[in-house]
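Remarks on the structure that follows.
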Amino acid sequence: MTNLHPKLAEITNRIIERSRPTREAYLERIRAQKQQGRVERDQLGCSNLAHGYAAMPKTIKIEMQKENVPNLGMITAYNDMVSAHQPFKDFPDWVKDEVAKHGATAQVAGGTPAMCDGITQGYEGMELSLFSRDVIAMSTAVGLSHQMFDGALFFGVCDKIVPGLVIGALSCGHIPAIFTPAGPMVSGIGNKEKARTRQLFAEGKVGRDALLESEMGSYHSPGTCTFYGTANSNQMMMEFMGLHLPAAAFFNPYTPMREALTRYAAAHMAQSVKNGTAKPIGEMLSEKSFINALIGLMATGGSTNHTMHLVAMARAAGVILNWDDFDEISAIVPLLIRVYPNGQADVNHFAAAGGLPFVIRELRNAGLLHDDVDTVVGHGMQAYTQEPFLLDGKLVWQDAVAESRDENILRTIDNPFSPDGGLRLMKGNIGRSVIKVSAMRPNSFEIEAPAIVFDDQRDVLAAFERGELDGKDFVCVVRYQGARANGMPELHKLTPPLAILQDRGQKVALVTDGRMSGASGKVPAAIHVSPEALMGGNIGRIRTGDMIRFNAHTGELNVLVNEREFKARSVPAPDLSRNAHGIGRELFAGFRSHASSAETGAMSFGGDFA
């Protein structure tokens, strides 16, 4: 690979210096937990160990009593409602069978919830979604708290699940970890056809039966949804961070390759723990590991949700990222893939065209990726430029294809879809926010128009149905959607009506302290506005009729009101009572009250968490 890009080196040094106190404190904590030269369970008393062994078969109990036999923990997000997590049902049996061949034992240490944003989108349950990440992190820590495990395998794929698992794993950062994915469902109907049916339904031109048939043709089998949203962005980041086996992300469930990769991961963990080469996850993941994930996010046009989740994961390891880092790295990393919503292809098409090994090789060769990092398979990112093949039943990794199999989906560094990564920082007197521009039309980057202010997404939809948004340019301001207000639900249901107005020739934009889906697309949307309205943010001072200047080229986000008058305005006290109860929302009141800003990860953890 060539020398590191000078701007990337500059950004990296700044992040390392900024993080030095918190990173050193984190490493000191996890090193104090490490059992030197002993299996983890040696510190437990006999009665404690008896409880830990009690449910195991007699033959396994005999092995677990041996001093040199490592015991691996499994944290699983299995359930059979979420398509991406249904395949995990078989993983524990595969792991137990495989590690027994390599002188180790394994136990399911615990389970975590795994909710589906696709099911809860637009409904009350979506207000639990963001904080389910923190519940997953805590559930992971509970499972590992028994101190029975010398390494851990993590089974999760979707939006909040992987960030939660990583945060939980880092809370027990003194033991090694490997993430074993389940893969995407096979391709269904085309994304263009699906989007067309959604828009026809929003316009009242087709009925619910046609919409349901279309949706079920898209989301139709076990595995991750095939568009490039938050779930598949998770899988990309796990590879860029070296937490997966190379190229493990995008093989379909229930295939010989998926089982082979899972068994290989289990065997590799058992062997590396036994021979002392497995690094604890908290030491393995450095500042550069998280920066590599950020680079991958930009090169692939990944989910805006990771402007929070990646920040939260990094902070769990004492690494401090902010949105300036995202903006500056986006400016130097070209966009190398086009997958829905940034194009028409899905992740299966992307993998077939060359996939993540191709992207990693291109970035690495251009000096746009850190190579001096540790991974679950060793040092450096060279291994991640290869993809696995099953030859005579044996896994073998070979170099990624030399040329893209489809340049409409995947391109080289010298012929990118865009010279930048398509994620930008928006800032001004309204606050700081992020915008994903990789799927936006060139004529939609700038708008100066009056605000129409809403305090609830349902009010936007009702106004659209009444025709009140027709025939005029406007900026839709949706406030009180932040983590403290109502758990920061995604506002994905706003995309179809605003897109319809855009297609009619109106100039529209969205400004909100809420989230959009990982599938956010062509409607210009300044999201995650920080501080949020309930924390006194200026988005709460905007009134209907105020002129807003929205410029995604320059990153300007200003309300054009006299500064003194604007500051003098009070932030109205909203009625959030209908967000406080029902579908479990009352149980999350403490999470909402302690939530940090979106730019610091929207985390509910207090104390000295970085």
*Calculated from backbone phi, Karplus (6.51, -1.76, 1.60) coupling profile of the range 67-82 in Hz, x at Gly/Pro*: 5, 9, 9, x, 10, 9, x, 10, 10, 10, 9, 4, 8, 9, 9, 7
*Net dipole in debye of the range 331-415 [+1 Lys, Arg Cβ; -1 Asp, Glu Cβ; about Cα centre; nearest 20]*: 140 debye
*Sites matching trypsin sites (Lys or Arg not before Pro) across the range 72-105 that sit in DSSP coil, with at most 12 neighbouring C-beta atoms within 10 Å*: LYS101
_Which of ILE447, MET488, PHE566, positive extreme of dipole for the range 425-600 (C-beta unit charges)_ = MET488
*Output ³J(HN,Hα) for the range 447-452: one whole-Hz value per residue in order, computed from phi by the Karplus curve 6.51 cos²θ - 1.76 cosθ + 1.60 with θ = phi - 60°, and x for Gly and Pro.*
8, 10, 7, x, 7, 10
*Can you pull the one-decimal nm distance between simple spin-label points at LYS66 and ALA580, each 7 Å off the Cα toward Cβ?*
6.0 nm
*Ranking HIS528, HIS309, HIS51 by Cβ neighbours within 10 Å, fewest first, what do you get?*
HIS51, HIS309, HIS528
*asked:* Among ILE178, GLY190, CYS158, whose Cα projects farthest towards the positive end of the dipole of the range 100-223, with charges put on the beta-carbon of Lys, Arg (+1) and Asp, Glu (-1)?
replied: GLY190
_Set of the range 316-351 residues, backbone N closer than 19 Å to the point 7 Å along the Cα-Cβ line of ALA32_ = 316-319
*So which GluC sites (Glu not before Pro) in the range 339-422 pass both tests, a DSSP loop state and at most 15 other Cβ atoms within 10 Å of the Cβ?*
GLU403, GLU407
*May I ask you to derive the FRET efficiency for ASP42 and ALA589 from their Cβ-Cβ distance with R0 = 56 Å, giving the value to the nearest 0.05?*
0.85
_the range 102-170, dipole about Cα centre (Lys/Arg Cβ +1, Asp/Glu Cβ -1), debye to the nearest 20_ = 180 debye
*asked:* From the convex hull of the Cα coordinates of the chain, what is the mean projected area in square nanometres?
replied: 27.0 nm²
_Percent of Cα-Cα distances greater than 28 Å, calculated over the range 425-600_ = 18 percent
_Could you tell me which residue out of PHE290, ASN322, GLY276 lies farthest along the dipole of the range 271-340 toward its positive end? Charges go on the beta carbon: Lys and Arg +1, Asp and Glu -1, centred on the Cα centre._
GLY276
*In whole Å, how far is the Cα centre of the range 309-351 from that of the range 369-448?*
7 Å
*For ASP470 and GLU213, calculate 0.36 nm times their separation in residues minus their Cα-Cα distance, and state this gained length in nm to one decimal.*
89.6 nm
*So who's got an amide H within less than 5 Å of the one on ALA106, skipping anything under 5 residues away but keeping other chains? H placed 1.01 Å off N, in plane.*
LEU72
*Per DSSP, loop trypsin sites (Lys or Arg not before Pro) in the range 463-505 with at most 12 further Cβ within 10 Å*: ARG466, ARG504
*Convex hull volume of the Cα atoms in the range 1-90, per residue, in Å³?*
260 Å³
*If amide H atoms are built 1.01 Å from N in the plane of the peptide, which residues on other chains or at least 5 residues away come under 5 Å of the amide H of THR112?*
THR76, ALA77, TYR78
*Long-range HN-HN contacts of MET426 with modeled amide H, under 5 Å*: SER433, VAL434, ILE435
*With charges only on Cβ, +1 for K and R and -1 for D and E, what is the dipole size of the chain about its Cα centre, in debye, rounded to 20?*
540 debye
_Inter-label distance for HIS51 and HIS220, nm, one decimal - labels placed 7 Å from Cα along Cα-to-Cβ_ = 5.0 nm
_Given the DSSP H assignment, sum -39500 (n - 2.57) over each helix run of at least 4 residues in the chain and divide by its residue total; what's the result at 222 nm in deg cm²/dmol, nearest 500?_
-11000 deg cm²/dmol
*Please report GLU387, GLU193 as a ranked list, fewest other C-beta atoms within 10 angstrom at the top and most at the bottom.*
GLU193, GLU387
*Pop out the ³J(HN,Hα) list for the range 42-58 in order, Karplus 6.51 cos²θ - 1.76 cosθ + 1.60 with θ = phi - 60°, rounded to Hz; leave Gly and Pro as x.*
4, 7, 8, x, 4, 5, 4, 5, 4, 5, x, 8, 3, 7, 7, x, 4
*In terms of the Cα gyration tensor, with a ≥ b ≥ c the square roots of its eigenvalues, is the range 312-389 rounded because a/c is under 1.5, prolate because a/b exceeds b/c, or oblate?*
oblate
*Candidate lysines - alpha carbon under 18 Å from LYS472, same-chain residues fewer than 8 apart omitted*: LYS507
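Which ordering of MET426, MET148 is given by a fewest-first count of other beta-carbon atoms within 10 Å?
Numbers: MET426 27, MET148 23.
Going from least to most buried by this count: MET148, MET426.
Computed from the coordinates by the stated procedures, all read-outs in this text should not be read as laboratory data. Note that the coordinates shown come from a computational prediction; the quantities given were computed from them, not determined experimentally. Note that we place each Cβ from the backbone using ideal geometry, even for glycine, and neighbour counts take in every protein chain shown.
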